[in-house]
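Below: the structure, in structure tokens.
The values are calculated or read from the model by the stated rules, or taken from the named source; none is laboratory data. Owing to the predicted nature of the structure, the values given are computational and were not obtained by experimental measurement. Positions of Cβ are backbone-derived with ideal geometry, glycine not excepted, and every protein chain shown enters the neighbour counts. Note: accessible area is taken over every heavy atom of the protein model, side chains too, but ligands, DNA and RNA are not part of it. Shrake-Rupley method; radii C 1.70, N 1.55, O 1.52, S 1.80 Å.
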Amino acid sequence: MTLPARTLALFISDLHLQEAHARTVDAFFAFLEERAMAARALYILGDLFEYWAGDDDLDAPLHHRIAAGIRAVSDAGIPVYWIAGNRDFLVGQAFADAAGMQLLDEPHSAEIGGQKIVVVHGDAQCTDDVKYMAFRQQVRQPAWQAQFLAMPLAQRKAIIANLREGSKEAHSTKTMDIMDVTPQAIDALFAATGTNVLIHGHTHRPALHEHGGKRRYVLPDWEPDAEPPRGGWIAIGEGGVITRHDLDGKVIG
């Protein structure tokens, strides 16, 4: 089953695009050309990139190509919205301008097809992971970011590589529950925004959850080379119908 003819909005996250994962890159461009071009809006909810060291890395061939691909969607009259992830929170206005997209503050609320929705990346709701939350608070500070971005690009990339290795080691000692969102954080988000639907990524645990009559949709990460392949998106169609799709566009439960 393919997407409805009149898709009001599409949502993706956690593609972790990088040169080493060529099939994921190809799947992303196929999605832009075949799916996003038929939608009325596209929301990218973080971790589009495996990492982002700063907008001065925009001239890297893959980054330039990705910006141009998103720009083609925007130039077709389809607004593209961006929520920062934990891997690419340093994406700034220069990349946004090159890609023709709008940077959104998190959380962001909207009404689409009569559905009152809120979108986030999802990492800020993993409040049981105390160490990560402290790290997140530090690196989201404007002063920290200004100091980091003042370093040479090569130095920033080396620091990020070290942080990623440390993150892998830390994850090996954490339970899945600690790295998932907490019910308290989700309830607080619904209460603060007055919404009925939450869409997020980050946890790599795609599902539909019920929260006292409210719905939480979790986006998948993308890995076409996995067995079985992972990836997909969420669509809101006419009448506010929300559907989850795999990489082939088929509706999943």
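Please work out how much accessible surface THR175 shows to a 1.4 Å probe, ignoring ligands, DNA and RNA, in Å² rounded to 10.
Rounded to the nearest 10, that gives 80 Å².
Relative contact order of region 70-219, please, whole-number percent, based on alpha carbon pairs below 8 angstrom and at least 6 residues apart.
The normalised contact order for region 70-219 reaches 23 percent.
Among residues other than HIS209 whose Cβ falls under 13 Å from its Cβ, what is the net charge (Lys/Arg +1, Asp/Glu -1)?
After counting each charged neighbour, the total is +2.
If the viscosity is 0.890 mPa s and the temperature 25 °C, what Stokes-Einstein diffusion coefficient in µm²/s follows for region 210-253 when Rh is the Kirkwood radius over Cα pairs?
Using the Kirkwood radius from Cα pairs, D works out to 211 µm²/s.
Please give the solvent-accessible surface of ARG244 in Å², to the nearest 10, using a probe radius of 1.4 Å with every protein chain present.
Approximately 30 Å² for this residue.
Based on the mean of other Cβ atoms within 10 Å per residue, sort peptides 229-239, 182-192 so the most packed one is first.
Ranked from most to least packed, the peptides come out as 229-239, 182-192.
What's the tally of Lys pairs in the chain whose alpha-carbon atoms lie under 18 angstrom apart, where the two lysines are 8 or more places apart or on different chains?
Close lysine pairs under the 18 Å cut-off: 4.
Tell me, what is the per residue accessible area of the chain in Å², probe radius 1.4 Å?
47
If you count the DSSP beta bridges with both ends in region 130-232, what percent of them are antiparallel, to the nearest 5?
60
What percentage of the solvent-accessible surface of the chain, computed with a 1.4 Å probe over protein heavy atoms, is contributed by carbon and sulfur atoms? Can you show the working numbers first?
Working: 6260 of 11860 Å².
Answer for the chain is 53 percent, counting heavy atoms of protein chains only.
Expressed as a whole percent, how much of the Cα-Cα distance distribution for region 191-230 exceeds 15 Å?
Cα-Cα pairs in region 191-230 separated by more than 15 Å: 49 percent.
Note down the relative contact order for region 191-253 as a percent, whole number, built from C-alpha pairs under 8 angstrom at least six residues apart.
Reported relative contact order: 20 percent.
Can you pull the semi-axes for the chain, root of five times each eigenvalue of the Cα gyration tensor, sorted largest first, whole Å?
Value: 26, 23, 18 Å, ordered largest first.
Would you mind pulling out the separation of the Cα centroids of region 100-131 and region 173-241, in Å?
10
Show that you can apply the helix-only estimate: for the chain, add -39,500 (n - 2.57) for every DSSP H stretch of four or more residues, divide by all residues, and state [θ] at 222 nm to the nearest 500.
Value at 222 nm, helices only, nearest 500: -10000 deg cm²/dmol.
Pairs of alpha-carbon atoms within less than 8 angstrom and 6+ residues apart define the contacts here; what relative contact order does the chain have, in percent?
25
Report for the chain the percent antiparallel among DSSP-assigned beta bridges with both residues inside it, nearest 5.
Details: 21 of 38 bridges.
Antiparallel: roughly 55 percent of the beta bridges in the chain.
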